[in-house]
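Participant: A single structure is presented below for examination.
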Amino acid sequence: MTTSAHRLTGVVPPLVTPFTPEYEIDTASLARLIAFQLAGGVSGVFVLGTSGEGTFLTDEQRQTVLETVVAEVGGQVPVLAGAIDSSTARAGAHIAAARKAGVDGVVATAPYYAATHPAEIERHFKKLATVADGTPLYAYDIPSRVGGTKLSASILLDLGKQGVLAGIKDSSGQDASLRRLVLDRVDAELPDFAIMTGSEVTVDCALGFGVDGVVPGLGNVDPAGYVRIFDAVQAGDQATARKEQDRLFQLFEIIDVPDRTRMGASSSALGAFKAGLFLRGVIDCPYTAFPSIPLSDEEIAAIRVLLDRDGLL
């Protein structure tokens, strides 16, 4: 499957970016992470998104991630890259760099920091599509990171009709609006417009009402689990899908282990994902990007208990 020839579907984890203890990109760990994901049966990978801490990296570090991932994937599955920034010009520069590295698709949010009008959001995506120049462009709906701006179904589908957007990753957490978007896609006669959920905990339900796939942060730690959910739903085995989702729902408790009185929610969740990969022997260091506060040895040990309970160690 390629993003340009077919609708994006399946399990496309938003990969973390491994660091050395000196906060440089750990390319050896990143290569192992790619191998781990491919062995888990994923349909694609998404780098430099929220889980990838793309907005924390220098342009040089971003390029290292892009080149390493494209080389390691070797065309086996599509590689999507985040082009997330506060302005159209900066997001466009990220798209140009990602295309040069050979990615198969790019992903952008609405601009953030400055308050924007829906008409300006449309201009943003249209301009980015010209920079993408045929590389599929996906919208990333994540209101909590863009000043509360929710991308409306009407804007998304209109841009889909115009050939500006190839689809969306919905991390709004609003399942009702996501279901409405699936129904509106039918009315708009846009069968190739991809709708992906960013939820870790309602994947079986979302696939059941018609989304095309999932972009789960927890998929870093257990990609094969999400692939089993997807495959079960495709086979019409909702009972197996629900059982696997229930297991992953409980595994998602790892994000609640870190003490959020001493660190932010992002540090907690991404730190837990990285701790899980560290404990599974995939990456060498569980650090999150500076200035995020690292997990303590005690917190990592508590995550080990949950992974062991789940049979992942």
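Quick note: the coordinates plus some simple rules give every number you see, no bench work behind them. Everything numeric in this text was worked out from a predicted model, so none of it was measured. As a convention, Cβ positions derive from the backbone with ideal geometry for all residues, glycine included, and neighbour counts pool all protein chains shown.
Participant: Multiply the residue separation of Gln76 and Ser154 by 0.36 nm, subtract the distance between their alpha-carbon atoms, and state the gained length in nm to one decimal. Walk me through the numbers before you get to the answer.
Facilitator: On the way: separation 78, 0.36 × 78 = 28.08 nm, distance 3.40 nm.
24.7 nm is the gain from fully extending Gln76 to Ser154.
Participant: For segment 67-202, take every pair of Cα atoms, bin their distances at 10 Å starting from 0, and report each bin as a whole percent.
Facilitator: In whole percents, the pair-distance histogram is 12, 43, 36, 9, 0.
Participant: Just grab the label-to-label distance for Asp192 and Glu120, each label 7 Å out from Cα along the Cβ direction, in nm (one decimal).
Facilitator: In this crude label model, Asp192 to Glu120 measures out at 3.3 nm.
Participant: What FRET efficiency comes out for the pair Asp297/Lys127, r = Cβ-Cβ distance, R0 = 30 Å, nearest 0.05?
Facilitator: E(calc), rounded to 0.05, equals 0.05.
Participant: Please list, or write none, the lysines whose alpha carbon is within less than 28 Å of the alpha carbon of Lys127, excluding same-chain residues fewer than 8 places away.
Facilitator: Partners found: Lys100, Lys150, Lys161, Lys169.
Participant: Next up: Multiplying the sequence separation of Ser266 and Asp237 by 0.36 nm and subtracting their Cα-Cα distance, what value in nm do you get? List each step's numbers first, then the result.
Facilitator: Numbers: separation 29, 0.36 × 29 = 10.44 nm, distance 3.41 nm.
So the chain would gain 7.0 nm between Ser266 and Asp237.
Participant: Would you mind working out the magnitude of the charge dipole of the chain relative to its Cα centre, with +1 at each Lys and Arg C-beta and -1 at each Asp and Glu C-beta, to the nearest 20 Debye?
Facilitator: On the way: 26 positive and 38 negative charges, 107 e Å.
With only Lys, Arg, Asp and Glu charged at Cβ, the dipole is about 520 debye.
Participant: Suppose R0 equals 30 Å; then what is the FRET efficiency for Phe249 and Thr58 from their Cβ-Cβ distance, rounded to the nearest 0.05? Walk me through the numbers on the way to the answer.
Facilitator: On the way: r = 36 Å, r/R0 = 1.21.
Result of the calculation: an efficiency of 0.25.
Participant: Long-range amide H contacts for Gly167: which residues qualify at under 5 Å (H placed 1.01 Å from N, peptide plane, sequence gap of 5 or more or a different chain)?
Facilitator: Those qualifying (amide H under 5 Å, at least 5 residues apart or on another chain) are Ala139, Ala194.
Participant: Pop out the ³J(HN,Hα) list for segment 253-263 in order, Karplus 6.51 cos²θ - 1.76 cosθ + 1.60 with θ = phi - 60°, rounded to Hz; leave Gly and Pro as x.
Facilitator: Listing the rounded values in order: 4, 4, 6, 8, 5, x, 7, 7, 7, 10, 8 Hz.
Participant: Which cross-chain or sequence-distant (5 or more) residues have an amide H under 5 Å from the amide H of Gly10, H modelled 1.01 Å from N in plane?
Facilitator: The answer is Gly213, Val214.
Participant: Still on this structure: Can you give me the long-range amide H partners of Val107? Hydrogens built in the peptide plane at 1.01 Å from N, cutoff under 5 Å, separation of 5 or more residues or another chain.
Facilitator: Ala81, Gly82, Ala83, Tyr138
Participant: Follow-up question, since we're still on this one. With charges set only on the Cβ (+1 for Lys and Arg, -1 for Asp and Glu), what does the dipole of segment 1-84 come to about its Cα centre, in debye to the nearest 20? Spell out each step's value before the answer.
Facilitator: Working: 3 positive and 8 negative charges, 96 e Å.
Roughly 460 debye for segment 1-84.
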